[in-house]
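Below is one structure; the comments refer to it alone.
The values are calculated or read from the model by the stated rules, or taken from the named source; none is laboratory data. Note that this is a predicted model, so its numbers are computed, not measured. As a convention, Cβ positions derive from the backbone with ideal geometry for all residues, glycine included, and neighbour counts pool all protein chains shown.
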Amino acid sequence: MRKIFATFLLLVLFSCSNNKNISIVDSFKTTQSLTHKVFEVQNGANELLNPYSMAVSGNTLTTWSTNMPNVFTTIDIATGKIIKHWGTRGQGPDEFQGRIDMNNHAEKGLNVWDVNKRKFYFFSNSNLESDSTFFQNVPLNMAEGMLDRYNSVIQLDTFVFFASGGNNEKLFTLIDTKNNTVKDVGDFPPEDTNEIKDLPPFFRKMAYNGRLKYNSTLRKLVYVSIASEMFEIYNFDGSGVELSAGNYSTIPKYKKVVREGGYSSVATELINGKGINIGVTASDDNIFMLYQDFERSGMKEETDNKLADMVLVFDWDGNPVKIYELDSFVKTAITYDKGRNRLWAIRDNPDPEIIYFEL
């Protein structure tokens, strides 16, 4: 079976299309409506500004914002009170730059991957609940030239990490910190018909920008493309991964474009079907994909917002379970709360606010 390892995105090109491919949503038979509740932040709600993503770990909810001097805000879920703003933006030690990838690590705490600075952190639940912050850098033990610019990184066990992105001929990368090795595995889907001559691997993989989540109980992980309906599920055996299920009703499309001055780059067509995945989260039993239906959201142009009011639910064998229809359009952030059986999201009303849906 195919093994795989995923990707990055450089430029986004919206190409309006009336192509009505068989969509991932056509595989579902059950639909359920969900009504949101607003999460009331008791102190300093206006200080949250415009959070882009978030993650639940234990008793806390942590948001990441691109607009605040402190990029993270941690909130006590029970009281709704902000515990702390933390993580300054900059070039210095334990400062952050660029895009951040956050994942709940086996209910023990929060993993944070700084894409630009190529640093991986672990923050325990007790650390998050404290008003001070201890920065625990997780060494990936790779030489500077070997540690690539991965878009998303998850920790599979003490020593093994799974990464999307990088400049290699495969889709994903396994990082073994015990043996100080990296392993690039995984072919592009057979449906990918790249016709761009001498296209560097990094540029081809930009179209496959995606998100990763890991189920430590089942030892399975999911990769979700955010420029198509494509997703893949892998089994982890302790040293490698094996593809177990996937959907390819649409896959990322890309082409070479020539900019002013003769500069060439690769652009991804986001509107190449009925809709796209724009976020993912997971429970022990299910995978939740935040899905944007272009017609429902009115998305037609490059400047249109990426908004969604549908969550596609699959089990960990890749079987469709149900569609949740949300009563409000939300942005790219979505996270599952195991302790409360909730889905958390961010919406504009018109100012950003945190909402949740009871499952």
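Hey, does region 222-232 have a residue that's charged (D, E, K, R) and surrounded by fewer than 22 Cβ atoms within 10 Å (Cβ to Cβ)? No: zero hits.
Quick one: is T88 surrounded by 18 or more Cβ atoms within 10 Å (Cβ to Cβ), of a type in the set (S, T, N, Q) and out of contact with any helix residue (DSSP H, G or I) (no Cβ under 6 Å at 6 or more places or on another chain)?
Values: surrounded by 18 or more Cβ atoms within 10 Å (Cβ to Cβ): no; of a type in the set (S, T, N, Q): yes; out of contact with any helix residue (DSSP H, G or I) (no Cβ under 6 Å at 6 or more places or on another chain): yes.
It is false that T88 is surrounded by 18 or more Cβ atoms within 10 Å (Cβ to Cβ), of a type in the set (S, T, N, Q) and out of contact with any helix residue (DSSP H, G or I) (no Cβ under 6 Å at 6 or more places or on another chain).
Taking residues in region 274-287 that are touching a residue at least 12 places away in the same chain (Cβ under 8 Å) and under 11 Å from V222 (Cβ atoms), and partners anywhere that are outside any strand (DSSP E or B) and of a type outside the set (D, E, K, R), the pairs with Cβ atoms closer than 6 Å and at least 6 places apart or on different chains are N277/I226.
Among the residues of region 201-236, those that are under 18 Å from K338 (Cα atoms) and either assigned to a strand (DSSP E or B) or out of contact with any Asp or Glu (no Cβ under 6 Å at 6 or more places or on another chain) (or both) comprise L212, K213, Y214, N215, S216, L218, R219, K220, L221, V222. Filtering region 300-333 to residues that are among the basic types (K, R), over 23 Å from I100 (Cα atoms) and outside any strand (DSSP E or B) leaves only K300. Looking only at region 183-200, which residues are assigned to a loop (DSSP other than H, G, I, E, B), surrounded by fewer than 20 Cβ atoms within 10 Å (Cβ to Cβ) and not basic (K, R)? Passing the criteria: D187, P189, P190, E191, D192, T193, N194, E195, I196, D198, L199, P200. When you scan region 90-101, do you find a residue that is out of contact with any Lys or Arg (no Cβ under 8 Å at 6 or more places or on another chain), under 25 Å from S152 (Cβ atoms) and of a type in the set (K, R), even just one? Yes, there is a match, as at least one residue in region 90-101 is out of contact with any Lys or Arg (no Cβ under 8 Å at 6 or more places or on another chain), under 25 Å from S152 (Cβ atoms) and of a type in the set (K, R).
One residue alone among N209, N179, N151, N215 is over 18 Å from G246 (Cβ atoms), in contact (Cβ under 8 Å) with a residue 24 or more places away in the chain and of a type in the set (S, T, N, Q), and that residue is N151. F236 passes every criterion in (1) more than 24 Å from I24 (Cα to Cα); (2) buried (at least 17 other Cβ atoms within 10 Å of the Cβ); (3) out of contact with any strand residue (DSSP E or B) (no Cβ under 8 Å at 6 or more places or on another chain) apart from (3).
Scanning region 17-44 for residues that are modelled with pLDDT under 65 and either surrounded by 13 or more Cβ atoms within 10 Å (Cβ to Cβ) or part of a strand (DSSP E or B) (or both) yields S17, N21. Restricting S65, S53 to residues that are closer than 19 Å to P352 by Cβ and free of Cβ contacts under 8 Å to residues at least 24 places away in the same chain narrows the list to S65.
Test of understanding: among T250, T268, T281, which residue is assigned to a loop (DSSP other than H, G, I, E, B), farther than 17 Å from T173 by Cβ and of a type in the set (V, I, T)? Show your work before the answer.
Numbers: T268 fails: assigned to a loop (DSSP other than H, G, I, E, B); T281 fails: assigned to a loop (DSSP other than H, G, I, E, B).
None of the others qualify; the one that does is T250.
Please work out if F172 is aromatic (F, W, Y), under 17 Å from H105 (Cβ atoms) and buried (at least 17 other Cβ atoms within 10 Å of the Cβ). Judged against the criteria, F172 is not a match. Just to verify a result, which residue in region 104-126, among those that are polar (S, T, N, Q) and not in a loop (DSSP other than H, G, I, E, B), is farthest from the chain's Cα centre (by Cα)? Checked region 104-126; the qualifying residue farthest from the chain's Cα centre (by Cα) is S126. Within region 68-103, the only residue that satisfies the criterion of being in contact (Cβ under 8 Å) with a residue 40 or more places away in the chain, in a loop (DSSP other than H, G, I, E, B) and touching a strand residue (DSSP E or B) at 6+ places or on another chain (Cβ under 6 Å) is I77. Counting the residues of region 265-292 that are surrounded by fewer than 16 Cβ atoms within 10 Å (Cβ to Cβ) and either touching a Gly at 6+ places or on another chain (Cβ under 9 Å) or modelled with pLDDT of 95 or more (or both) gives 2.
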